[in-house]
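Asker: Quick one: structure below, then a few questions.
The values are calculated or read from the model by the stated rules, or taken from the named source; none is laboratory data. Only a predicted model underlies this, so the values are computations on that prediction, with no experimental measurement involved. Glycine gets a Cβ as well: all are built from the backbone with ideal geometry, and neighbour counts include every protein chain shown. For accessibility, only protein heavy atoms count, side chains too; no ligands or nucleic acids. Shrake-Rupley method; radii C 1.70, N 1.55, O 1.52, S 1.80 Å.
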Amino acid sequence: MAEFVKVAELCEIRPGECKMTEAHGRTIAVFNVDGTIYALDNTCLHRGGPLGEGDLAGEVVTCPWHGWQYNVRTGEKCNDSAKRVVRYEIKIEDGQIMAAL
């Protein structure tokens, strides 16, 4: 069973922004899309680029290295749903963003 661990404070990530964080040896990209929080593995499937440094437009983040795009809500690669990065379940407790790892 997954354990929920703190990955960020809600006040640290404004809508349209992302924060990279580490928890349990994993680097996680935490996104705020219009007030809804999503978390993905920070590593692009193509060449390992840092998704948390990419541009976020709506629900889509673009890897800064080679332009691969992912839906942050699902983790799916845009235009190829067979490929996806790990998406973490999120819950908010007392202003803390908790991810299921």
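Asker: When residues of the range 37-59 are filtered for being among the β-branched types (Val, Ile, Thr) and within 16 Å of ALA100 (Cβ to Cβ), how many remain?
Answerer: 1
Asker: Sticking with this one: Which pairs have Cβ atoms under 6 Å, sit 6 or more apart or on different chains, and link a residue in the range 66-77 that is without any contact (Cβ under 8 Å) to a residue 40 or more places away in the chain and of a type in the set (Ser, Thr, Tyr) to one that is crowded, with 20+ Cβ neighbours inside 10 Å and not in a loop (DSSP other than H, G, I, E, B)?
Answerer: TYR70/VAL61
Asker: Residue by residue through the range 35-52, note down the ones that are in contact with a strand residue (DSSP E or B) (Cβ under 7 Å, 6 or more places away or on another chain) and hydrophobic (A, V, I, L, M, F, W, C).
Answerer: ILE37, ALA39, LEU40, LEU45, LEU51, listed by residue number.
Asker: Same structure, new question: Of the residues in the range 5-23, how many are part of a strand (DSSP E or B) and open to solvent by 60 Å² or more (accessible area, probe 1.4 Å)?
Answerer: The total comes to 4.
Asker: Is there a residue in the range 73-91 that is closer than 20 Å to GLY35 by Cβ, touching a helix residue (DSSP H, G or I) at 6+ places or on another chain (Cβ under 9 Å) and of a type outside the set (S, T, N, Q)?
Answerer: Scanning the range 73-91, I find no residue that is closer than 20 Å to GLY35 by Cβ, touching a helix residue (DSSP H, G or I) at 6+ places or on another chain (Cβ under 9 Å) and of a type outside the set (S, T, N, Q), so the answer is no.
Asker: Let me ask another. Given the conditions (1) more than 14 Å from the chain's Cα centre (by Cα); (2) modelled with pLDDT of 95 or more, and given that MET1 satisfies all but one, which numbered condition is not satisfied?
Answerer: That leaves (2) as the condition not met.
Asker: Would you mind listing the strands (runs of 3 or more DSSP E) fully within the range 24-88 where at least 3 residues are surrounded by fewer than 15 Cβ atoms within 10 Å (Cβ to Cβ)?
Answerer: Fully inside the range 24-88 and qualifying: 80-84.
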